[in-house]
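What follows is a short report on a single structure.
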Amino acid sequence: MYNQAMAWLNYHHLLYFWTVAKEGSIAAACDRLHLTQPTISAQIRALERSFGRKLFDKAGRGLVLSEAGRMVFRYADEIFALGEELSDAVAGRPLAGARRLVVGISDALSKLIVYRLLAPAVNLPEPVKLICLEDSPSQLLARLSLGDLDVVLSDAPTDPHVKVRAFNHLLGECGMSVFAPRALAPKYRPRFPQSLTGAPMLLPTQDSILRRSLDRWFEANGIRPAVAAEMQDIALIKTFGQSGLGLFVAPTVIEKDIQRQYEVVRIGRIAQVREQYYAISVERKVRHPAVAAIAAASHRVFGP
């Protein structure tokens, strides 16, 4: 039966709002829609009245989406993509539409493991358009709470003191391996891990979870490496390690890839230092099929 409550949403108003948000200005939307500026402005005001929320905020001489506007834009994007798919289906044309998966990736994560985690999402029977955004965990959680992201991949669960309603789904964990340039491996492989005392190490910066775990392990084992460099970018550490500057650590589950890609040698493993991988979502039970596929297949990355 027709639901009277559905009649309030004017899809023409929604289309004008969506076009302004995509084009970046009312003037650009006018050119796209072949309408005058007062017409579009009036339609957007009508949509704002129907929602009871401001969808745009002024920023200098331009407009930016408000918090509510971000959420409405996300829904509008899916609505009009689905409408295009419907038109193609009715006309008998091949369906080119793909479900979007917007993933926030913590800048501390190994990109090789991230690739393996995300692979099941893009190999589903239905096409998935993958959008990856990299930032600090705090910034990603803020965007998750606004509805900009479907899921966040991080090396730590959400801080209980952070006022973001989110749920942590542990995907897996693994130990770390220590790698050395081929020229340095014969010197530091014997007597590992005590051989790391005085060894030139390339380490993550001190604000990272991995660095704090490594420092505790060094102290517990009486090891004092010579820190050759500290870097936020994990990929940059590997590149400098390949160049011969020093030793570095990386997850054990990808050590074969590391040795092949960066032409380095594993000199030992640190099973006690663990790196964890979490999928963080605003849902207790994940409903997005691509996110569900990531969680279901994560054991293939980390093992049982």
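The values are calculated or read from the model by the stated rules, or taken from the named source; none is laboratory data. Keep in mind that this is a model prediction, so the values were computed, not measured. Using ideal geometry, Cβ is built from the backbone for each residue, glycine included, and neighbour counts are taken over all protein chains shown.
Numbers for the structure displayed
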{"quantity": "Residue among Ser106, Ser145 that alone is buried (at least 21 other Cβ atoms within 10 Å of the Cβ) and of a type in the set (Ser, Thr, Tyr)", "calculated": "Ser106"}
{"quantity": "Flag for Cys174 being free of Cβ contacts under 8 Å to residues at least 40 places away in the same chain and within 21 Å of Glu275 (Cβ to Cβ)", "calculated": "no"}
{"quantity": "Filtered residues of segment 177-192 (kept if in contact (Cβ under 8 Å) with a residue 60 or more places away in the chain and either closer than 20 Å to Ile254 by Cβ or surrounded by fewer than 19 Cβ atoms within 10 Å (Cβ to Cβ) (or both))", "calculated": "Ser177, Val178, Phe179, Ala180, Pro181, Arg182, Ala183, Ala185, Arg189, Phe192"}
{"quantity": "Residue, surrounded by the most Cβ atoms within 10 Å (Cβ to Cβ), within segment 253-277, restricted to residues that are within 26 Å of the chain's Cα centre (by Cα) and aliphatic (A, V, I, L, M)", "calculated": "Ile258"}
{"quantity": "Matching residues, segment 222-239, being touching a strand residue (DSSP E or B) at 6+ places or on another chain (Cβ under 9 Å) and closer than 19 Å to Tyr188 by Cβ", "calculated": "Pro225, Ala226, Val227, Ala228, Ala229, Ile237, Lys238"}
{"quantity": "Residue count, segment 66-83 (criterion: more than 12 Å from Leu15 (Cα to Cα), touching a Phe, Trp or Tyr at 6+ places or on another chain (Cβ under 8 Å) and assigned to a helix (DSSP H, G or I))", "calculated": "2"}
{"quantity": "Residue within segment 215-223 that is touching a residue at least 24 places away in the same chain (Cβ under 8 Å) and either under 30 Å from Ala296 (Cα atoms) or buried (at least 20 other Cβ atoms within 10 Å of the Cβ) (or both) present", "calculated": "no"}
{"quantity": "Number of positions in segment 286-304 that are within 25 Å of Asp257 (Cα to Cα) and more than 15 Å from the chain's Cα centre (by Cα)", "calculated": "10"}
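Residues are listed down the side, and each one gets a yes or a no for (1) buried (at least 17 other Cβ atoms within 10 Å of the Cβ); (2) assigned by TED's automatic domain parsing to the domain that holds Leu146; (3) not aromatic (Phe, Trp, Tyr):
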residue: Asp207; (1), (2), (3): no, no, yes
residue: Val227; (1), (2), (3): no, no, yes
residue: Leu236; (1), (2), (3): no, no, yes
residue: Gly246; (1), (2), (3): yes, no, yes
residue: Pro251; (1), (2), (3): yes, no, yes
residue: Pro289; (1), (2), (3): no, yes, yes
residue: Ser298; (1), (2), (3): yes, yes, yes
